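What follows is a set of notes on a single structure, which appears directly below.
Coordinate-derived values only; no laboratory data. Predicted model only: the values in this text are computed from it and were never measured. Cβ placement follows ideal geometry from the backbone for every residue including glycine, while neighbour counts extend to all protein chains displayed.
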Amino acid sequence: MEFATLKRRIRGAAIEVFDPGHKELCDDLIWNGRKPASHPRYVVRAACVEDVQTAVRFAAANGLKVSPRGGGHNFPGIALNGDVVVDVSGLDHLHIDMKSASAQVGPGVTNVRLAAALDRNAYAFPVGHCATVPVSGYLLGGGVGWNSGEWGIACFSVIGADVVMADGELRRVDESNGSEILWAVRGAGPEFFGIVTNYHVRLQTAPKAIMSSVHVYLPSDAQKVGEWAEVAMASAPANLEFTVKISAPPPEANAPAGAFVVAVIATAFATSEHDARETLNALFADAPDGAVETVDVIPTPFNALYDLTSVSTPKGKRYAVDTLWSDASFAEILKRVVTGYGARPSMESFALVALRSPLSIEPGDAAFSRIGKVFSSIYTVWDGVENDQANMAWLRETMMEVEPLATGTYVGESDLERQGRPVAIHSPEVVLKLSSLRAKYDPRQTFRSLDVDAARTSAA
Ligand SMILES: Cc1cc2nc3c(=O)[nH]c(=O)nc-3n(C[C@H](O)[C@H](O)[C@H](O)COP(=O)(O)OP(=O)(O)OC[C@H]3O[C@@H](n4cnc5c(N)ncnc54)[C@H](O)[C@@H]3O)c2cc1C
């Protein structure tokens, strides 16, 4: 199939490298202000499933590598790592089936849209913490969303999917039909060997009350905060989300240059306001003295949660991010992250160290195979290409201090550009199974994968 034929056959748009506006379009497809250096030869913006099938067949017929693109939010911009980028953000249907408490969700549906639509119907889903991320790559990588302790890692709520395979055929997979493909949909991330054009997801009953409380400490109190958290969270229910955020104080605080704070943020997803308050009050009952600021229990429905998270990650900034799971001491991890944070080159960078309740739902058997009781993410945020090196070096140095304690990293927010990463995304068994599934379902390697990316980088 020629490119001209592809263009004629699809309902959406297709553009190639020689067309005016190609570079600008590619840059626009990546959310990070730091854009990938190389651009794909072709971009197909699918308007329907048939467009996706045609694009995959075009790539296969010409020996080209396909790279699916959802919202372009994966920080290193890996969605452009192919010859033919197939953008599925236009597939944004959303059908809620009230009877079966499930929904058909197009890959282009964003977290904020899904949360709002479900809320109107008294349902909920473990949507991610960033409003603009679509379910496309979020669910495929695992999905560490709100209330994951009670609702689980989001990909385990995927009960079926429609997938365009390497030969361009569309398959509907679920537990009884194509279960090994569904197994991979749940967490393969960029190692997946198809394009998801629809997710069938199980829904949760919406919590009657989502409430939060925040206690802010100085960095000198981090050790006692860490030790207290470990004890307090040991008896916490699964519906309590607990995160320590290390960041610069807001400008109105007029703090000295380089100052930072350690904020304990707890959110309860409860069946009543009374229960939410009780859970939060019990958590903070023995909180260490010395908080410099306290926000008492307040209602934080999903739209308020998104307002709170979006201020830290404005679009247009340059980002590099890395994460780790760990079963080591929360206090120790917090200490190492706080120590590293003090040396950050950019005051806008921030770090999160979350601690899961021991009652949190454990993931089942799926490609998503790395987890721990602690989840830590470091978000490096800056302006100016001239500052790339210093900020990325800082991220890697800080991670190297914490990584000896890691059980794995999370593919959705991983520093995939780093050579020789010591911490794995998938367990060794999953790596083997994924590679045999890739050989079975994509024998000609039509879809890019992390190995293909690495081989291309070293050949360049
Ligand atoms: C500000 C911010 C906050 C975030 N917060 C969270 C969070 O709270 N929890 C969390 O879990 N993650 C979070 N993430 C990470 C995010 O979920 C992942 O990076 C995810 O991959 C983004 O989805 P995307 O569709 O934009 O991926 P893209 O960047 O478009 O694609 C990345 C890769 O995913 C694969 N892919 C994407 N869509 C498909 C598809 N339909 N079919 C097949 N392959 C596909 C492809 O291999 C592609 O190369 C956050 C990201 C940002 C930028």
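Laid out as a table, the results:
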item: Enclosed volume per residue, in Å³, of the convex hull spanned by Cα atoms of region 362-436; result: 111
item: Net charge over other residues, Cβ less than 15 angstrom from the Cβ of residue 344 (K, R count +1; D, E count -1); result: -1
item: Dipole moment magnitude, nearest 20 debye, the chain about Cα centre, only Lys, Arg, Asp, Glu C-beta charged; result: 1240
item: For region 335-351 versus region 185-199, the gap between their alpha-carbon centres in whole angstrom; result: 34
item: Long-range HN-HN contacts of residue 32 with modeled amide H, under 5 Å; result: none
item: Anisotropy class of region 2-114 from Cα gyration tensor, a/c 1.5 cut; result: oblate
item: Mean shadow area of region 194-330, taken as a quarter of the surface of its Cα convex hull (nm²); result: 11.8
item: Protection-proxy order for peptides 247-257, 403-413, 270-280, each taking the mean of Cβ atoms within 10 Å per residue, highest first; result: 403-413, 270-280, 247-257
item: For the chain, with +1 on Lys and Arg beta carbons and -1 on Asp and Glu, the positive-most of 288, 326, 13 along the dipole; result: 13
item: CD proxy at 222 nm, helix term only [per DSSP H run n ≥ 4: -39500 (n - 2.57); per residue of the chain; nearest 500]; result: -9000 deg cm²/dmol
item: Net charge contributed by nearby residues that have their C-beta within less than 14 Å of residue 414 (K/R +1, D/E -1); result: -3
item: Cα convex hull of region 93-177 - mean projected area over all directions, nm²; result: 6.1
item: Range of Cα positions in region 305-456 per principal axis (Å), largest first; result: 48, 42, 32
item: Residues with amide H under 5 Å from that of residue 197, placed H, sequence gap 5 or more; result: 162, 163, 164
item: Options 368, 223, 392, ranked by Cα towards positive dipole end of region 209-413, top entry (Cβ charges); result: 392
item: Distant-in-sequence amide H partners of residue 447 (H built 1.01 Å from N, under 5 Å); result: 66
item: Equivalent ellipsoid semi-axes, the chain, via Cα gyration tensor eigenvalues times 5, rooted, Å; result: 37, 25, 20
item: Simple label model, 7 Å out from Cα along Cβ direction - residue 303 to residue 208, nm; result: 2.2
item: Net charge of Cβ neighbours under 14 Å - reference residue 140; Lys, Arg +1; Asp, Glu -1; result: 0
item: Share of alpha-carbon pairs per 5 Å distance bin for region 209-413, given as whole %; result: 1, 7, 15, 19, 20, 18, 12, 5, 2, 0, 0
item: Theoretical FRET efficiency, 1/(1+(r/R0)^6), r = Cβ-Cβ of residue 167 and residue 234, R0 45 Å, to 0.05; result: 0.30
item: Whole-angstrom gap from region 399-418 to region 41-57, using each part's C-alpha centre; result: 33
item: Per-residue ³J(HN,Hα) for region 97-108, Karplus 6.51 cos²θ - 1.76 cosθ + 1.60, θ = phi - 60°, Hz, x for Gly and Pro; result: 9, 5, 5, 9, 6, 9, 8, 9, 10, x, x, x
item: Over region 177-220, equivalent-ellipsoid semi-axes from the Cα gyration tensor in Å; result: 37, 20, 8
item: Whole-Å distance, taken between Cα centres, linking region 130-174 and region 1-22; result: 28
item: J(HN,Hα) series, region 228-240, from Karplus relation 6.51 cos²θ - 1.76 cosθ + 1.60, nearest Hz, glycine and proline x; result: 4, 4, 4, 6, 5, 6, 4, 10, 7, x, 5, 8, 10
item: Region 279-293 - phi-based ³J(HN,Hα) in whole Hz, Karplus 6.51/-1.76/1.60, Gly and Pro as x; result: 4, 6, 5, 5, 4, 8, 3, 10, 4, x, 5, x, 4, 8, 7
